[in-house]
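Below is one structure, written out as structure tokens, with a few remarks after it.
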Amino acid sequence: MSAPKKTARRTLLVVSATLTSAALTAAPVLAAPSPSTSPSATPPATMSTVGGTRLGQAGTQVNLASGVPVLPKNLTSRSWIVSDAESGQVLAAHNAHWRLAPASTLKMLFADTVLPKFPSTTEHKVVPSDLAGVGAGSSMVGIKEGETYTVHDLWLGVFLRSGNDAVHVLSAMNDGVKNTVAEMNEHAEELQALDTHVVSPDGYDAEGQVSSAYDLTLFARSGLQKKDFREYCSTVTAKFPGETKKNKKGKKVRGSFEIQNTNRLLSGDSDIDVYQGIAGVKNGNTTNAGATFTGVAERDGKVLLVTVMNPEKNEHNEVYKETAKLFDWGFKAAGKVEPVGELVLPKSAAQPSAQPGATASGEAGGAVGGSGGSSAKPVASATASSGTGGMGVALAITGGVLALLAAGAYLVNRRWPLPDLVRRRR
């Protein structure tokens, strides 16, 4: 056999093995068939195994070994998950796929779905129908009918004050609540967040509305690919437009008032300090859901995501206290603990489609659009071209590997700007 043919054969074998390994790693495990959309009182015996079999098991899943710190004591949350935001490795979890009421953490999916559609400078005058259907007792930022707001204002209202009024105005701009809910459910499926069923875009308690700690983490991970999403979820305080009134001289003036982020790991409170390295993401609290929270933090170059749902311990800020404990554990355990699962990529990133010449770097990868609505699609699989013999086939398979690697850039890009967000608040 000639030297060129031997080289081609070796290339084919190596690349084929790489492709097979990558495909096995990337291939998601499907969820249990037709899961109920009603939250259960106890973790079901059968839960989704998206991300790994261990994640579908009830109870705490962690691989403790020599050198791995023990998990924090007195964790009372019904469900939680600790993961590496960049690699997608799940370091530990507890009932990760338990379908529970999500409260306002669902706004992360709302933002990831709707945020790319409107430039931040777009202005909208609020009409009565925009605010129709806002639930009684909802958290509000203070939007007034007849006033004009920029999209930037509205997103600050969503992230800082968890304003359901801002969500409904943005939904109205997006062809209505019904359309927005349909798009959110479609986007959840694209992200492989198969535990989630959206009924109300703001996370307000609604019959059949569920998500899971695993899915909420996927929403945060996807949203954080977007520059605007990172900006909004990391903002501590901002000025929000007030109501237009006449001053003493009869001239119409419009002032503003300060709003503060209700994420207490970001803003602090009487019984909890700002968490070192925190950079978002979103909190929630309703009657059905209890307290829920997803946070992202960076320390020593490591970026972690933690989601906590419904602590049983009824203490002030308990959801943040338990999150902080899990962050502390995660930063100590990262690089030492063997993962129990993974955060899967979106369908379109895990299964690249033909798109010659496209790249998957920048603010977003896969099907998740960056700020302004653009999306970076994976590189297309190459086809056997004019190469001779085995070399042509080898190049074709190499193209497939590159496509998978490009899809991997969806999140395994090392340019997370979270440290800058953290330093900005020091």
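Below, the figures for the structure above:
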quantity: Residue within region 112-127 that is within 30 Å of Val337 (Cα to Cα) and out of contact with any Pro (no Cβ under 7 Å at 6 or more places or on another chain) present; calculated: no
quantity: Matching entry among Val167, Val158, Val210, Val199 (being at pLDDT 95 or above, crowded, with 24+ Cβ neighbours inside 10 Å, under 30 Å from Gly56 (Cα atoms) and among the aliphatic types (A, V, I, L, M)); calculated: Val210
quantity: Total residues in region 288-306, condition outside any strand (DSSP E or B) and of a type in the set (A, V, I, L, M); calculated: 1
quantity: Residue in region 244-251 that is among the charged types (D, E, K, R) and either under 19 Å from the mean Cα position of the chain (by Cα) or open to solvent by less than 30 Å² (accessible area, probe 1.4 Å) (or both) present; calculated: no
quantity: First in region 39-53 and over 21 Å from Val90 (Cβ atoms) and assigned to a loop (DSSP other than H, G, I, E, B), second anywhere and of a type in the set (Val, Ile, Thr) and open to solvent by less than 10 Å² (accessible area, probe 1.4 Å), Cβ under 8 Å, 6 or more apart; calculated: Pro39/Val210
quantity: Qualifying position, being at pLDDT 95 or above, buried (at least 21 other Cβ atoms within 10 Å of the Cβ) and not in a loop (DSSP other than H, G, I, E, B), among Ala279, Ala220; calculated: Ala220
quantity: Residues of region 282-303 satisfying the condition of being surrounded by fewer than 24 Cβ atoms within 10 Å (Cβ to Cβ) and either over 25 Å from Ser138 (Cβ atoms) or of a type in the set (Val, Ile, Thr) (or both); calculated: Thr286, Thr287, Glu298, Arg299, Asp300, Gly301, Lys302, Val303
quantity: Scan of region 132-149 for residues that are among the polar types (S, T, N, Q) and outside any loop (DSSP other than H, G, I, E, B), ordered by number; calculated: Thr148
quantity: Residues of region 58-70 classified as surrounded by 13 or more Cβ atoms within 10 Å (Cβ to Cβ), of a type outside the set (Val, Ile, Thr) and over 24 Å from the mean Cα position of the chain (by Cα), total; calculated: 3
quantity: Scan of region 66-102 for residues that are in a loop (DSSP other than H, G, I, E, B) and among the acidic types (Asp, Glu), ordered by number; calculated: Glu86
quantity: Cross-chain or 6+ apart pairs with Cβ under 7 Å, region 123-149 first and within 16 Å of Asn174 (Cβ to Cβ) and among the charged types (D, E, K, R), then in a helix (DSSP H, G or I) and open to solvent by less than 30 Å² (accessible area, probe 1.4 Å); calculated: Asp130/His168; Asp130/Val169
quantity: Residue, farthest from Ser104 (Cα to Cα), within region 226-235, restricted to residues that are open to solvent by 10 Å² or more (accessible area, probe 1.4 Å) and either modelled with pLDDT of 95 or more or in contact with a Phe, Trp or Tyr (Cβ under 8 Å, 6 or more places away or on another chain) (or both); calculated: Asp228
quantity: Selected residue (criterion: modelled with the lowest pLDDT) from residues of region 33-57 that are hydroxyl-bearing (Ser, Thr, Tyr) and within 21 Å of the chain's Cα centre (by Cα); calculated: Thr37
quantity: Subset of region 256-276 that is free of Cβ contacts under 8 Å to residues at least 60 places away in the same chain, touching a Lys or Arg at 6+ places or on another chain (Cβ under 8 Å) and over 30 Å from Leu218 (Cα atoms) - its residue that is surrounded by the fewest Cβ atoms within 10 Å (Cβ to Cβ); calculated: Glu258
quantity: Meets criteria (open to solvent by less than 20 Å² (accessible area, probe 1.4 Å) and within 19 Å of the chain's Cα centre (by Cα)) for Ala238; calculated: no
quantity: In region 169-188, the residues that are touching a residue at least 24 places away in the same chain (Cβ under 8 Å) and under 17 Å from the mean Cα position of the chain (by Cα); calculated: Glu183, Met184, His187, Ala188
quantity: Test: residue in region 250-257 that is within 22 Å of Asn164 (Cα to Cα) and in contact with a Leu (Cβ under 9 Å, 6 or more places away or on another chain); calculated: no
quantity: Candidate set: region 112-137, residues that are surrounded by fewer than 18 Cβ atoms within 10 Å (Cβ to Cβ) and within 23 Å of the chain's Cα centre (by Cα); chosen: the one nearest to Thr180 (Cα to Cα); calculated: Lys117
quantity: Count of residues meeting criterion [over 16 Å from Ala297 (Cα atoms) and either of a type outside the set (A, V, I, L, M, F, W, C) or not in a strand (DSSP E or B) (or both)] in region 231-260; calculated: 19
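The values are calculated or read from the model by the stated rules, or taken from the named source; none is laboratory data. Bear in mind that the values here come from a model prediction, so they are computed numbers and not experimental data. Cβ: placed from backbone, ideal geometry, glycine included. Neighbour counts: every protein chain shown. Only protein heavy atoms, including side chains, enter the accessible area calculation; ligands, DNA and RNA are left aside. Shrake-Rupley method; radii C 1.70, N 1.55, O 1.52, S 1.80 Å.
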